[in-house]
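Since the structure comes first, as structure tokens, the remarks are kept for the end.
The values are calculated or read from the model by the stated rules, or taken from the named source; none is laboratory data. Keep in mind it's a predicted model, so treat the numbers as computed, not measured. Every residue, glycine among them, receives a Cβ derived from its backbone with ideal geometry; neighbour counts consider all protein chains shown. Note: accessible area is taken over every heavy atom of the protein model, side chains too, but ligands, DNA and RNA are not part of it. Shrake-Rupley method; radii C 1.70, N 1.55, O 1.52, S 1.80 Å.
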Amino acid sequence: MAKVYYNGDVNDQVLAGKKVAVIGYGSQGHAHALNLKESGADVVVGVRKGKSFDKAVEDGHNVYTVAEAAEQADVIMVLLPDEQQQKVYDAEIKQHLTSGKALVFAHGFNVHFHQIVPPSDVDVFLVAPKGPGHLVRRTYEEGAGVPALFAIYQDVTGKAKDLALAYAKAIGSARAGVLETSFKEETETDLFGEQAVLCGGLTSLVKSGFETLVEAGYQPELAYFECLHELKLIVDLMYEGGLEGMRYSISDTAQWGDFVSGPRVVDAKVKESMKAVLEDIQSGKFAKDWIVENQVNRPQFNAINQRENEHQIEKVGRELRDMMPFVKPKKKEAVSAGAKN
Ligand SMILES: NC(=O)C1=CN([C@@H]2O[C@H](COP(=O)(O)OP(=O)(O)OC[C@H]3O[C@@H](n4cnc5c(N)ncnc54)[C@H](OP(=O)(O)O)[C@@H]3O)[C@@H](O)[C@H]2O)C=CC1
Ligand SMILES: CC[C@](O)(C(C)=O)C(=O)O
Ligand SMILES: [Mg+2]
Ligand SMILES: [Mg+2]
């Protein structure tokens with residue numbers, strides 16, 4: 001079994017006396033900055049002026065431009081959108097990466113795909129929570145945490161591993177378990193997971209199920225409950241007890257349908273498609289396409305996003321969720337076009 005690090009395995013002292021700059025105050029940024037601060041770390045936030053900046057000030061942080069934060073920090077955690085990182089790194093971070101500092105990421109995309117080439121005299125590592133930033137924050141507040149991966153790309157000081165683990169502990173992840181990986185493995189598995197299963201696979205499965213029922217004449221509200229709302233309740237059981245734990249709670253009829261119909265829907269062809277998705281990630285094709293899409297101001301991303309938001313399942317869902325205040329996002333985790341913090 002892989003070595004899993006927990007709080008008791010971590011030497012906190014390596015973070016003592018170091019200033020951490022959290023660059024970006026979105027989904028991950030706000031969670032890291034608040035958790036680090038409450039764990040006793042010396043934190044500053046670096047972000048451009050706007051909603052995120054104002055929110056970071058409101059949350060009680062010392063907030064600077066990216067360049068000012070990078071200049072004063074020993075540990076620089078880059079929590080900007082992947083597609084923005086190279087530009088901001090070149091303009092505001094690179095010149096402040098003096099010898100012996102640490103450059104840190106929550107996802108290996110830019111380093112692995114050579115968009116950012118760090119200088120050879122700094123530590124470079126990643127601490128990647130395996131969950132959305134708002135849950136990194138929420139679970140920390142509840143006394144728990146989101147598991148994380150860490151990977152060392154460069155260890156100049158000889159302390160990179162200790163520092164990565166101390167960072168992971170300070171954001172709450174060592175309460176749940178921290179595993180060592182490489183930049184390559186983290187980047188490729190994270191991209192695969194979100195595309196094939198967690199986000200892309202799931203939204204396509206949910207929409208296909210919803211459309212199949214509605215096109216067959218069933219009520220959209222019923223299709224929403226069956227194919228989307230109840231999913232959380234089923235996934236919660238899988239989260240707590242794996243597939244077996246979930247199957248313990250469902251009826252034997254459902255379990256039989258799971259066994260005989262599940263593989264008819266997600267069949268060998270789907271697995272072939274998953275392999276093709278993985279190959280595009282491994283070859284760098286996905287990364288190249290995404291970088292180019294951003295260079296031309298995201299025409300496809302924006303068009304698909306608009307079409308998705310107008311799908312019938314979203315309209316029905318908004319109406320139904322308005323009637324269920326208890327499913328509303330906690331605090332300010334609301335869906336909005338603006339800052340994701
Ligand atoms: N979302 C997640 O839960 C996870 C993300 N990650 C990784 O974490 C990193 C951050 O992602 P995520 O938290 O989703 O990012 P978000 O999009 O939620 O937040 C980005 C932040 O960066 C700021 N920002 C954007 N562009 C600039 C700029 N040009 N100059 C200065 N600040 C800028 C935004 O400010 P503004 O409000 O002004 O736009 C915002 O505060 C990525 O590497 C991602 O892969 C890893 C695990 C999970
Ligand atoms: C599943 C999506 C994710 O990889 C994540 C929350 O871990 C992301 O990039 O946001
Ligand atoms: Mg992920
Ligand atoms: Mg990801």
Does the chain come out rounded, prolate or oblate, given a ≥ b ≥ c as the square roots of the eigenvalues of its C-alpha gyration tensor, rounded meaning a/c under 1.5 and, failing that, prolate meaning a/b above b/c? prolate
Using the basic label-point model (7 angstrom from Cα toward the beta carbon), what is the VAL197 to MET238 distance in nanometres? 0.8
Using label points projected 7 Å from each Cα along Cα→Cβ, tell me how many nm separate LEU231 and MET323, to one decimal. 2.1
Area of LYS315 that stays accessible when all protein chains are in place (1.4 Å probe, Å², to 10): 110
Global form of the stretch 28-84, assessed from the alpha-carbon gyration tensor, a/c cut-off 1.5: rounded
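What number, rounded to the nearest 500 deg cm²/dmol, is the helix-based mean residue ellipticity at 222 nm of the chain, given -39500 (n - 2.57) per DSSP H run of at least four residues and division by all its residues?
Computed mean residue ellipticity for the chain: -15000 deg cm²/dmol.
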So which lysines can LYS161 reach, going by Cα to Cα under 24 Å and dropping same-chain residues fewer than 8 places off? LYS3, LYS18, LYS19, LYS37, LYS94, LYS101, LYS130, LYS169, LYS184
Show me the ranking of peptides 246-256, 164-174 by mean Cβ neighbours inside 10 Å, starting with the highest. 164-174, 246-256
Per-residue accessible area, 1.4 Å probe, largest first, puts MET323, MET238 in the order MET323, MET238
Pull up all non-local amide H partners of TYR64: gap of 5 or more, or a different chain, and H-to-H distance under 5 Å with H placed in the peptide plane. VAL45, GLY46, VAL47
Taking Cα atoms only, helix 230-249 is inclined relative to the longest principal axis of the chain by an angle, in degrees rounded to 10, of 90
Residue-level accessible surface for ASP54, protein heavy atoms, 1.4 Å, Å²: 90
Enumerate the calculated ³J(HN,Hα) couplings along the stretch 139-151 in order (Karplus 6.51 cos²θ - 1.76 cosθ + 1.60, θ = phi - 60°), each rounded to whole Hz, writing x wherever the residue is Gly or Pro. 5, 4, 4, 7, x, 10, x, 9, x, 9, 9, 10, 8
How much length would be gained if the chain were fully extended between PHE259 and ASN11, taking 0.36 nm per residue of separation minus their Cα-Cα distance, in nm to one decimal? 84.6 nm
HN-Hα J in Hz across the stretch 44-57 - Karplus 6.51, -1.76, 1.60, θ = phi - 60°, x for Gly and Pro: 10, 10, x, 7, 6, 5, x, 4, 4, 4, 4, 5, 5, 5
Counting only DSSP loop positions in the stretch 134-201, the GluC sites (Glu not before Pro) whose Cβ has at most 14 other Cβ atoms within 10 Å are GLU142
With a ≥ b ≥ c taken as the square roots of the eigenvalues of the C-alpha gyration tensor of the stretch 74-208, please select rounded if a/c is under 1.5 and otherwise prolate if a/b is larger than b/c or oblate if it is not? oblate
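Tell me the net charge near TYR5. Cut-off is 15 Å between Cβ atoms, TYR5 excluded, with +1 for each Lys or Arg and -1 for each Asp or Glu.
Its environment carries a net charge of +1.
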Rounded to whole angstrom, the alpha-carbon centroid of the stretch 238-252 lies from that of the stretch 109-174 at a distance of 32
Under 5 Å from the placed amide H of LEU149, counting only residues 5+ away or on other chains, we find ALA128, LYS130, LEU179
The chain: relative contact order as a whole-number percent, Cα under 8 Å and 6+ apart: 16
Rounded to 10°, Cα long-axis angle of helix 183-192 versus longest principal axis of the chain: 20
Each residue of the stretch 206-221 in order: what ³J(HN,Hα) in whole Hz does its phi give by Karplus 6.51 cos²θ - 1.76 cosθ + 1.60, θ = phi - 60°, with x for Gly and Pro? 4, 5, 5, x, 4, 5, 4, 5, 5, 5, 8, x, 7, 5, x, 5
